[in-house]
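Have a look at the structure below before the remarks.
The values are calculated or read from the model by the stated rules, or taken from the named source; none is laboratory data. Just so we're clear, the structure is a prediction, and the values are computed from it rather than from any experiment. Every residue, glycine as well, gets a Cβ built from its backbone with ideal geometry; the counts of neighbours run over all protein chains shown.
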Amino acid sequence: MARTAKSLQKKYFEQEGYILVAQNHRYEQAEIDLIFKDVKKKALVFVEVKTQKSKTFGEPEESVTEHKQAQLIKSAEGFLMSHN
């Protein structure tokens, strides 16, 4: 299911005009699923893809804990440091 969700997100962003820069970028123990370039805004977009079969455990965004947010920031900073 996660692979399909990533493919769907990738396709969505590409249809919206974003350019894929990296997938599954790892920096130390942190990872970002998708990284796109927004040409219009001259910005990078870091995407975390979350899937679940039901809302039993809450909304998908609720599963992005403070620890996960810190890991995403760390990975984004690592990406920026290595791609200046």
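Please go through the stretch 5-51 and give me each residue that is within 21 Å of Gln69 (Cα to Cα) and among the β-branched types (Val, Ile, Thr), ordered by number.
Result: Val21, Ile32, Ile35, Val45, Val47, Val49, Thr51.
Would you be able to tell me the number of residues in the stretch 65-83 that are closer than 18 Å to Phe36 by Cβ and not in a helix (DSSP H, G or I)?
Final tally of qualifying residues: 1.
Which residues, counting only those in the stretch 1-28, are touching an Asp or Glu at 6+ places or on another chain (Cβ under 8 Å), surrounded by 15 or more Cβ atoms within 10 Å (Cβ to Cβ) and modelled with pLDDT of 95 or more?
Tyr18
Considering each residue of the stretch 33-84, count those that are more than 27 Å from Gln15 (Cβ to Cβ) and crowded, with 16+ Cβ neighbours inside 10 Å, and give that number.
Number satisfying all stated conditions: 3.
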